[in-house]
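Right, one structure below, let's go through it.
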Amino acid sequence: PSYPLWRIDRDAVRTQQALQQVLDKVHRNEPGILLGTQMLAKGHHFAAVGLVVIVDADSGLFSADFRGPERCVQMIEQVAGRAGRAGQAGEVLLQTHEPEHPLLNTLLQQGYSALARQLLKERQSLQLPPWSYQALLHAQSNHRDATIAFLKQIHDIMTEASPYGPIMAPIEKKAGLFRAHLLLQSTTRATLHAALERLNGPDAPILPGRVRWWLDVDPQDLL
């Protein structure tokens, strides 16, 4: 393009000084195109930005994590807020493969508050947090079968909480290790903690030397 292109992402700006140099150019309010990732969504005030284009805006709506849609629309809301600041008119364009998606329609027509109420109602009907409590057990080893077998043993002793899995992680193998998850869920925190106490009790599975595991209580990311 005939206008300058400024990139703000972790590949283009690796240091705080490099970031500040780009921001200084943007704050001169000269015509230009600002291209970036989620780094642009928060904490920046660009007074002269009149147009925001969000590419592939609906990718998070189909996440395997139940919080994916919430995070997606939060990001859309935050990025859209970069346009029309300092009392100027702004325009926001969304690129989407699902223009009739009910969550997008609710966001655009009724606003974020209405969408948040809708998502909360869906979670309540499915007994997802905040109407339940979760813990996520991670395991990894250099043998796929050993990883799954260990989590299956934990699954079998969990009588207080509801276990889901085990399943392989979305990125199944990382750094030469096979990774898997087991999700535990209960309607009360006390019951969940009682279930987790079994990991230190006489029924606890014997940990194979080649398997490493850790626990995430109230996980914010199920992937």
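What percent do you get for the relative contact order of the chain when only Cα pairs under 8 Å and 6+ apart count?
Taking the mean separation of contacting Cα pairs over the length of the chain, I get 16 percent.
Report Rg/Rh for the chain, rounded to two decimals, where Rg is the Cα radius of gyration and Rh the Kirkwood radius. Provide the component values of the computation, followed by the final result.
On the way: Rg = 22.6 Å, Rh = 20.8 Å.
Computed over Cα atoms, the ratio is 1.09.
For Arg85 and Gln127, FRET efficiency with R0 = 35 Å and r from the beta-carbon atoms, rounded to 0.05? Efficiency computed from Cβ-Cβ geometry: 0.30.
Of the residues Leu136, Leu120, Leu177, the one with the fewest other Cβ atoms within 10 Å heads the list, and the complete ranking is Leu120, Leu177, Leu136. Expressed to the nearest 5 percent, the antiparallel share of DSSP beta bridges inside the chain is 75 percent. Counting every other Cβ atom within 10 Å of each residue's Cβ, Leu192, Leu35 order from fewest to most as Leu35, Leu192. Here the simple spin-label model places points 7 Å from the Cα toward Cβ, and for Thr37 and Ala12 these points are separated by 1.2 nm. Panel note: the C-alpha atoms of segment 5-126, placed on their principal axes, show extents of 49, 31, 24 Å (largest first).
Running a GNM on the chain with Cα contacts under 10 Å, which residue among Glu122, Glu30, Glu77 ends up with the highest mean-square fluctuation? Top of the fluctuation ranking is Glu30.
Charges were assigned to the Cβ only: +1 to each Lys and Arg, -1 to each Asp and Glu. The resulting dipole of the chain about its Cα centre is roughly 520 debye. Which of these, Asn105, Asn200, Asn142, has the largest mean-square fluctuation under a Gaussian network model of the chain (Cα springs below 10 Å)? Most flexible of the set in this elastic network: Asn200. In the chain, the calculated helix contribution to ellipticity at 222 nm averages -10000 deg cm²/dmol per residue, counting -39,500 (n - 2.57) for every DSSP H run with n ≥ 4. For the options Leu107, Leu61, Leu207, a Gaussian network treatment of the chain with springs between C-alpha atoms closer than 10 Å singles out Leu207 as fluctuating the most.
Read the figures in this text as sums done on the coordinates, not as results from a lab. Predicted model only: the values in this text are computed from it and were never measured. Cβ: placed from backbone, ideal geometry, glycine included. Neighbour counts: every protein chain shown.
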